[in-house]
Amino acid sequence: MDYYQIEELLNPEHLLIRDSIREFVKSDIKPIIDQYAQEHKEIPQLMKKLGGIGALGPFIPEEYGGAGLDQMAYGLIMQELEYGDSAIRSAASVQSSLVMFPIFTFGSEEQKKRFLPQLATGDLIGAFGLTEPNHGSDPGGMETKLIADGDGYRLSGAKMWITNAPICDIAVVWARDEEGKVRGVIADRAMEGFTTPETLHKWSLRASKTGELVFDQVFIPKENVLPLVNSMKGPLSCLNSARYGISWGAIGAAIDCYETALQYAKEREQFGKPIASFQLQQKKLAEMATEITKAQLLSWRLATLKEQNRATPAQISMAKRNNVHMALQVAREARQVLGAMGIVGDFPIMRHMMNLESVITYEGTHDVHLLITGQDITGINAF
Ligand code: TGC
Ligand code: FAD
């Protein structure tokens, strides 16, 4: 799906990366994803496989185990992974943007050397704890506390709806200290008082584990506190990176739905003709192609701005909001093109649709991103 020849705007390295991730998704994800999603299980060794193809921390410099790639490459990797399933992209984007990015950006040299190479290979699995039971869209209200205690701190509180919590080895967790400043800490699963109950019975992202991060007076040594951050700017700048990746990822899910619907419409006959010959079905397909193309151009331009450090948080919000909504609309229309066939796991559409119901909520809801745009263009905060 490349209606505007966006491929011509990519360099040979981008194309190579895109094609290699696409190959991985076709060989290692597509054949098994329905089964794992149906059974609500995570794919065994997924993180190591993602590490093996360079999908974890691709923009992190090579000296810390990353691939030293640019933002366009990161976006393309997210797009191809979500062509497989949002759970696969989620795994890679949490590890890359929400765990490796803050350690790289706000961590000490010792922390970078200790954690980043193992996160890049998938030998360590990371989680990101910002959302709390009482604070989702308003993370600044967080209640999790970090209180000084001897050579370190005591961490108390709970984070909820956390991707990979039940299987994480470490978690980057945000809490307020005694002065009310927002601090980031690296919690280790082995720490006493740290538990990660799983959130069960999800209808969405079923091939990904979600859970809580619960801290009961957990001792955090000083060397596990990120030294270079003490405000909400810290966690929010991680979100910029993840939201950017999601704007690309959503395009991948939309392309899979569109391609599936297009092929089905050409093959399925009713009233003696392929259903693709009916204007109503062509309208659906033509609108899907148009909306995907617009989203591709938005993300392509955003990648260029981001690479030059010129992408504003509000520009990133616009792309995340637009592209995820677009993908959800494409999934809903595509499912209808398949009629009853659209509801079974033989086709990927319903799985993408259900996943996208999470994607439109996490990393800032559809409403929150609209309000961010509203604030940016009017100068008035309507939260
Ligand atoms: P506000 O007072 O506006 O700002 C506080 C300070 O932060 C600065 N700031 C940002 N900095 C960097 N990047 C951004 N995007 C920033 N947005 C704001 C701001 O300039 C200010 O700095 P200073 O120096 O003046 O103090 O903050 P607020 O508390 O009013 O909240 C603003 C709001 C609502 C936009 C923000 O809190 C928000 O984005 N809420 C949505 C929460 C959210 O997105 N949570 C995501 C949790 S992680 C997740 O969902 C992972 S899912 C991953 C997966 O599985 O793929
Ligand atoms: P709420 O904030 O309670 O919002 C409920 C509704 O109210 C929404 O429609 C919202 O748009 C609306 N609303 C809220 N405020 C306003 C306002 N000012 N004006 C108008 N409408 C408003 N979080 C993490 O920290 N780490 C993770 O790894 C992570 N992974 C997740 C994985 C999944 C599968 C899911 C579903 C969520 C995950 N989250 C994670 C949490 C996610 O970021 C939050 O769900 C999201 O930020 C919204 O918070 P909430 O669910 O508490 O909704």
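The values are calculated or read from the model by the stated rules, or taken from the named source; none is laboratory data. As the structure is a computational prediction, the values presented were derived from the model and not from experiment. All Cβ positions, glycine included, derive from the backbone under ideal geometry; neighbour counts span all protein chains shown. Accessible surface is based on the protein model in full, side chains and every heavy atom, while ligands, DNA and RNA are left aside. Shrake-Rupley method; radii C 1.70, N 1.55, O 1.52, S 1.80 Å.
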Which angle between 0 and 90 degrees, to the nearest 10, do you get for helix 349-359 versus the longest principal axis of the chain when only C-alpha atoms count? 30
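For the cross-link pairs LYS284/LYS320; LYS112/LYS306; LYS41/LYS233; LYS266/LYS306, which exceed 28 Å when the distance is taken from alpha carbon to alpha carbon? If you can, show how the numbers build up before the last one.
Values: LYS284/LYS320 23 Å; LYS112/LYS306 23 Å; LYS41/LYS233 34 Å; LYS266/LYS306 39 Å.
Too far apart for the 28 Å limit: LYS41/LYS233; LYS266/LYS306.
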Give me the angle, in degrees from 0 to 90, between the Cα long axis of helix 313-337 and the longest principal axis of the Cα atoms of the chain, rounded to the nearest 10. 40
On the protein heavy atoms, probe 1.4 angstrom, tell me the percent of accessible surface of the chain carried by carbon and sulfur. 53
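Mind checking the full-extension length gain between MET191 and ASP367? Use 0.36 nm per residue of separation minus the Cα-Cα distance, one decimal, nm.
Working it through step by step, the gained length comes to 59.7 nm.
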Give the relative contact order (percent, whole number) for region 12-154; include only Cα pairs under 8 Å separated by 6+ residues. 23
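Going by average Cβ neighbours within 10 Å, how do the peptides 5-13, 28-36, 201-209 rank, with the highest at the top?
On the way: 5-13: 11.1, 28-36: 16.1, 201-209: 19.3.
My ranking of the peptides, most packed first, is 201-209, 28-36, 5-13.
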How many angstrom separate the Cα center of region 262-288 from the Cα center of region 81-115? 41
What net charge is computed for the residues neighbouring GLY129, neighbours being all others with C-beta under 12 Å from the C-beta of GLY129, Lys and Arg scored +1, Asp and Glu -1? -1
Mind ordering 230-236, 153-159, 361-367, 351-357 by average Cβ neighbours within 10 Å, highest first? 351-357, 153-159, 361-367, 230-236
Between beta-carbons, use under 9 Å as the cut-off and find the net charge around TRP174, counting Lys and Arg +1, Asp and Glu -1. +3
Per the helix-only model, the chain has a calculated mean residue ellipticity at 222 nm (DSSP H runs of ≥4, -39500 (n - 2.57) each, divided over all residues, rounded to the nearest 500) of -15500 deg cm²/dmol
Along the charge dipole of region 227-295, pointing to its positive end and built from +1/-1 on Cβ of Lys, Arg, Asp and Glu, which listed residue (SER277, GLY252, CYS238) has its Cα farthest out? CYS238
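Within region 271-360, which chymotrypsin sites (Phe, Trp or Tyr not before Pro) sit in a loop by DSSP and count at most 14 neighbouring Cβ atoms inside 10 Å?
Working: sites: PHE271, PHE278, TRP300; in loops: PHE271, PHE278.
Loop-located and lightly packed - PHE271, PHE278.
Relative contact order for region 177-268: what percent, with Cα pairs under 8 Å and sequence separation of 6 or more?
Numbers: 63 pairs, mean separation 28.1, N = 92.
Value for region 177-268: 31 percent.
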In percent, what relative contact order does the chain have, based on Cα pairs under 8 Å that are 6 or more apart in sequence? 17
Could you name the aspartates and glutamates in cross-link range of LYS209, using Cα to Cα under 13 Å and dropping any fewer than eight places away on the same chain? GLU39, GLU42, GLU198
Given charges at Cβ of Lys, Arg, Asp, Glu: the chain dipole, positive-most of ILE292, PHE106, VAL229: ILE292
Using alpha carbon centroids, what distance separates region 1-66 and region 172-212, in Å? 26
Largest-first semi-axes in Å of the equivalent ellipsoid built from the Cα gyration tensor of region 1-112 are 24, 21, 11
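Quick check on region 244-383: what are the equivalent-ellipsoid semi-axes from the Cα gyration tensor, as sqrt(5λ), descending, whole Å?
Details: eigenvalues 212, 43, 32 Å².
Whole-Å semi-axes of the equivalent ellipsoid: 33, 15, 13.
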With the cut-off at 1.5 for a/c, could you classify the chain from its C-alpha gyration tensor as rounded, prolate or oblate? prolate
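Going by a ≥ b ≥ c, the root eigenvalues of the Cα gyration tensor, does region 158-261 fall in the rounded group (a/c under 1.5), the prolate group (a/b larger than b/c) or the oblate group?
Verdict is oblate for region 158-261.
Just order 46-55, 62-71 by mean Cβ neighbour count inside 10 Å, highest at the front, would you?
Numbers: 46-55: 20.7, 62-71: 17.4.
Top to bottom by mean Cβ count within 10 Å: 46-55, 62-71.
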